[in-house]
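Inspection log for the structure reproduced underneath, given as structure tokens.
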Amino acid sequence: MADLLERRYKTLGPYSPLFYAQPLEFVRAERVWLTAADGQRYLDGYNNVPHVGHTHPRVVEAIAQQAATLNIHTRYLNNRVVDYAESLLATLDDPIDRIIFTNSGSESNDLALRIANQHSGGRGLLISDFSYHGHTHALALATTGLVAHEGLGAHVRPIRIPDLDAADAGRPAADVLAQSLAEVDAAIASLQEAGHGVAAVLFDSLFSTEGLNRVPEGYVAGLSSRVRAAGGLVIGDEVQSGFGRTGRSFWGHQNHGIVPDLVTMGKPMGNGHPIGAVALSADLLDEFGPRNMYFNTFGGNPVSAAAGQAVLDVLADERLVERAASGAAGIRAALEGFRGDYPWIGPAKGEGLFFGFDVYDRPVGEAGAVPDPARTKAIVESMRARNVLISRIGRTDSVLKMRPPLAIEPGEVSLLLDTLADSLAAVGAVARA
């Protein structure tokens, strides 16, 4: 392990982060289980990239068969690519009826910004004040949740995303909604006064980087309508919330009753195979296409399309979205139940198979209670020591993050929750000592 870590530093450098105080070396995986080099097995309660399960045999077979037959780019005709495009579009709402394939979520969001800039004639962008949407230069200028040397672009206005379970807890939802939308109005006015105009708002409908914020009903719809009224487009980043992750809907934005102008996708699309997409209306594509010779050598190649189609087929045939929905109530009840023994954790957060809670330094609601990243990290490390993998998110790294592949079975969910109970007890005991 030490030798591999040293070789990594000498080749990849020391700046790409690794999970856990003691990094893990994995050698194989199946469904929701990862096997380390020392033979120990770990329950994966974190990774959304293998969306339908690690090394799913149908996805592996589809990739292998297509790779052994033909792999070309989209400047040639191929049934496999068009078939997949039709299947993917069938999951989306009108007026979205066109797909541009890319290689990643970063590339998808970057392209969506280009389309929005051309459509609006401006560059102004609204973004959450603690978010991440990719690694391109344009997205680095709009990154507020990670360190980026570029800094915030002059054309970007960050907005605070309300959270009825944390920062706005105890306040009337109507008051929080009014204040939050007033902040949106102010950000739009600022962009217009500075001459940037309004090109788009870009958001993840689960607000996952922010800490799984629970927003007032009508917030996302109000945000979207204000941006459109100012001439901009709504970009829904579905890398985290899409493909049935929330259980309630196939796409996260559907939980808010809106249809974005542009839907961006990545990671889970190919179950680990690199593929992304921008979904949009024919009108927007017809506006963008004649003025840009856009093509993508690897985006939407037949092997990627085979992987993507296999993911859609598995989601349907194994009823994974329905399973995510059916288990959600039990998960939430278990998380809420922990609060009786551990008053320093906040309400259950998230949707479906993306869930967690805030962790504080003292009982929630007590004077002086603040988020506790050290205690949160201790829980994550305690889970890892018990062979269950989770992580943490939020602006202070104090929200537990659990996001297993949708293939997880009820017994494995119970194992995750039982292990979490043990870890909460262990960390709580240390805090009392």
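What the table below lists for this structure:
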quantity	calculated
Which listed pairs, of Lys267/Lys377; Lys349/Lys401; Lys349/Lys377; Lys10/Lys267, have C-alpha distances above 20 Å, in listed order	Lys267/Lys377; Lys10/Lys267
Loop chymotrypsin sites (Phe, Trp or Tyr not before Pro), the range 347-432 (other Cβ atoms within 10 Å of the site Cβ: 12 or fewer; DSSP)	none
The range 15-128: mean projected area of Cα convex hull, nm²	12.0
Packing-based ranking, highest mean first, of 298-311, 315-328, 220-233 given that Cβ atoms within 10 Å are counted	298-311, 220-233, 315-328
Furthest towards positive pole of dipole, Ala199, Pro268, Leu233, structure part the range 190-296, Cβ charges	Pro268
Inter-site label distance for Val60 and Arg28 at 7 Å from Cα along Cβ, in nm	0.8
Highest average packing first - 95-102, 14-21, 329-336, 199-206, Cβ atoms within 10 Å	199-206, 95-102, 329-336, 14-21
Cα-projected label distance for Asp97 with His135, points at 7 Å along beta-carbon direction, nm	3.8
Alpha carbon centroid spacing (whole Å) that separates the range 273-336 from the range 58-119	9
Potential lengthening between Asn71 and Ala167 on full extension [0.36 nm per residue; Cα-Cα distance subtracted]	29.6 nm
Relative counts (whole %) of C-alpha pair distances in the chain, using bins that are 20 Å wide	25, 58, 17, 0
Cα principal axis extents for the range 184-327, largest first, Å	50, 42, 24
Spatial separation of Cα centroids for the range 354-422 and the range 120-154, in angstrom	28
Percent antiparallel among DSSP beta bridges (both partners in the chain, rounded to 5)	60
Residues Ala374 and Glu318, FRET efficiency given R0 of 30 Å [Cβ-Cβ distance, rounded to 0.05]	0.15
Relative contact order (%) - criterion: Cα under 8 Å, at least six apart; region: the chain	22
At R0 = 35 Å, FRET efficiency that the Cβ-Cβ distance of Asp283 and Leu18 yields, to 0.05	0.20
Heavy-atom accessible surface of the range 148-256: percent carbon and sulfur, 1.4 Å	52
Trypsin sites (Lys or Arg not before Pro) restricted to DSSP loop in the range 1-89 with at most 12 other C-beta within 10 Å	Arg75
Kirkwood-Stokes translational diffusion coefficient of the range 221-260, alpha-carbon pairs, 37 °C, 0.692 mPa s, µm²/s	308
Dipole of the range 325-391 [Lys/Arg +1, Asp/Glu -1 at C-beta], most positive-end residue of Leu389, Gly337, Pro347	Leu389
Pairwise Cα inverse-distance average, inverted: Kirkwood Rh of the range 99-138 (Å)	11.1
Peptide ranges 113-121, 283-291, 409-417, 209-217 listed from the most packed, as the mean C-beta count within 10 angstrom indicates	209-217, 113-121, 409-417, 283-291
Amide hydrogen neighbours beyond the local backbone of His54, cut-off 5 Å, H modeled	Arg31, Val32, Trp33
Three-way shape label, the range 198-239, alpha-carbon gyration tensor, a/c 1.5	oblate
Convex hull projection area averaged over all views, the range 326-374, Cα basis, nm²	3.5
DSSP-assigned coil residues among GluC sites (Glu not before Pro) in the range 1-52, each with at most 15 further Cβ atoms within 10 Å	Glu25
Label-to-label distance, nm, for residues given as Ala425 and Thr396 (7 Å Cα→Cβ offset)	2.8
Ratio Rg/Rh, restricted to the range 346-427 and using Cα atoms, in which Rh is the Kirkwood radius	0.97
Two-site FRET efficiency, Val82 against Asp361, from Cβ-Cβ distance with R₀ of 60 Å, rounded to 0.05	0.60
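The values are calculated or read from the model by the stated rules, or taken from the named source; none is laboratory data. All values reported here derive from a predicted model rather than from experimental measurement. In this analysis, Cβ positions are derived from the backbone assuming ideal geometry, glycine residues included, and neighbour counts consider all displayed protein chains. When the accessible area is computed, the model is the full protein with side chains, heavy atoms only, and any ligands, DNA or RNA have been set aside. Shrake-Rupley method; radii C 1.70, N 1.55, O 1.52, S 1.80 Å.
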